[in-house]
DNA sequence: ACTTCCGAGCTT
DNA sequence: CCTAAAGCTCGGAAGT
């Protein structure tokens, strides 16, 4: 059973067959039907509609997100970045100019600028429009190279959108008191906004003293570069790794200042006030926010939480955090994509790079020397690195694992020609810009043109791996969400890592759910015959900091 | 006072 | 730092 749902013209929600409902009616309707029939809910946008249900405490099992589907179909058609929400999809279907996507989310101050105005022409039935778009999308999917894989992708992305909305409501357990204590220890007592904490103020003074007493603002890179210039030291920038090469008494002070100032400005008391409430950090998560299909976040820098603050992520009393990350995910994805038998065999090991080192350097060097080199070789293959000894290491890797290396090199050459590449489940890389085409279009061997072509080749080389890894983790989220025993729930997802918050007695079941989800996701994503092993060892802890 | 850009650094 | 790329956020600085 399938039920189509879209934003209504009057601020409510239109359900096919039930007309426009108020939010409370909508929530009750969904709760009832979810209990009796558990349909697949087809939503114009999960990010806009599901938070409405979550506010009423209603959760759903299965859905299809028309906006995410439209975005993936547009990318597959070489039209990445065009508006993808229902009004735009409907307009394109009728040969009309598609309106831009509206920026706000349904759960953000709708009264202020009515974010739930559907954007469809007045008189158009939103549910009917959604049904038309759904049918058209199904026709477009049928014409793709691998419709079955794409259907899996949109199912997984839709389930991921449910996870993202639920994580936004549930929040990541965050101990403000632990955070505050940490800040006070490192920076000194809290100061009013705009005023440097004691530790920073002291360091700023000592830095100025180290430069002969002339005031130097350590927050200004330009000022730092000029200050070194006055000392007869020429530095290209004020970056920490540049400063580390300079022998000057101000350097250690600057580095310490910058580390602490970074913590203060990015994750200090102001951050705590703005983002942590009731023991939870609630960022908003953007499924497919990155072209490769990775998630992005907005608000609070949820994907940039510094490792030093992981101690603040603590389970509630009587609860645990179950943390798991997919170790060395990308080389394993490459093994699965390329069908490289020997790389797949190496994936049997938890430490893939040690096995690579053995294959590459057996007899010539031991694993402590070989492993970092094997890692550079593999990362160079996936990222297009050429610095240092990367090129020669890559050549050796190519001799041992020709299928894997030729897979990414094929993607790189396609990118250099301006072609688009695709992930396992059918995410398609964007077409290069008109400026890129103009630059690389000539037949001359212009240096800039060669550089631009190589740069884009590096992007497509990485895209096939990173986007396929995103395929895998998307499917993983979908399978894991289904298997988690209530009330355990996902609270964090960062590219290849998940955190589940669970009552203590359920933690073993959560570990089991994760252990079962991984091979299921691998089988669904890469096929039942895929021999690649994806280790993902769950760990039950009280604080995130103890997970690694 | 506001916008826009840049440098920097954090995560994967 | 090391091997690459993308995205988020901040503060400074320059432009309007």
Where the centre of each part is set by its Cα atoms, how far does region A:379-411 sit from region A:82-100, in angstrom? 42 Å
Translational diffusion of chain A, µm² s⁻¹ [Kirkwood Rh, Cα pairs; Stokes-Einstein; 20 °C; 1.002 mPa s]: 82 µm²/s
Along its principal axes, what span do the Cα atoms of region A:195-322 show, with the longest given first and each in whole Å? 56, 37, 24
Please arrange A:86, A:260 by counting, for each residue, the other beta carbons lying within 10 Å of its beta carbon, fewest first. A:260, A:86
So how far, in whole Å, is the C-alpha centre of region A:466-531 from the one of region A:294-316? 19 Å
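List A:405, A:367, A:464 from most exposed to least, where exposure is judged by having the fewest other Cβ atoms within 10 Å. If you can, show how the numbers build up before the last one.
Numbers: A:405 24, A:367 16, A:464 28.
Ranked by crowding around the Cβ, least crowded first: A:367, A:405, A:464.
Give the shape of region A:264-325 as rounded, prolate or oblate, defined through the alpha-carbon gyration tensor: a ≥ b ≥ c are the square roots of its eigenvalues, a/c under 1.5 means rounded, and otherwise the shape is prolate if a/b is larger than b/c and oblate if not. Let's see the in-between values first.
Values: a/c = 1.86, a/b = 1.22, b/c = 1.52.
Oblate shape, in that a/c is at least 1.5 and b/c is the bigger or equal ratio.
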In units of 2.2 N^0.38 Å, the Cα radius of gyration of region A:133-213 is 2.27
Taking the Cα of residue A:178, stepping 7 Å toward and past its beta carbon, and measuring to each backbone N in region A:302-327: which are under 17 Å? A:305-324
Test of understanding: ordering A:319, A:174 by Cβ neighbours within 10 Å, fewest first, what list do you get? A:319, A:174
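Taking only DSSP H segments of four or more residues, each worth -39500 (n - 2.57), what value at 222 nm results for chain A once the sum is divided by all its residues, to the nearest 500 deg cm²/dmol? Walk me through the intermediate numbers first.
On the way: 22 runs with 286 residues, N = 548.
Rounded to the nearest 500, the figure is -16500 deg cm²/dmol.
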With N residues in region A:36-94, what two-decimal value do you get for its Cα radius of gyration over 2.2 N^0.38 Å? 1.29
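Based only on the alpha carbon positions, what is the Kirkwood hydrodynamic radius of region A:369-494, in angstrom? Each step should come with its number before you reach the end.
On the way: mean 1/r = 0.0602 Å⁻¹.
Across region A:369-494, the inverse of the average 1/r is 16.6 Å.
Rule-based calculations on the coordinates, nothing more; no lab input. The shown structure was predicted, so the numbers you read here are calculated from the model rather than taken from an experiment. Note: ideal-geometry Cβ built from the backbone for every residue, glycine included; neighbour counts use all protein chains shown.
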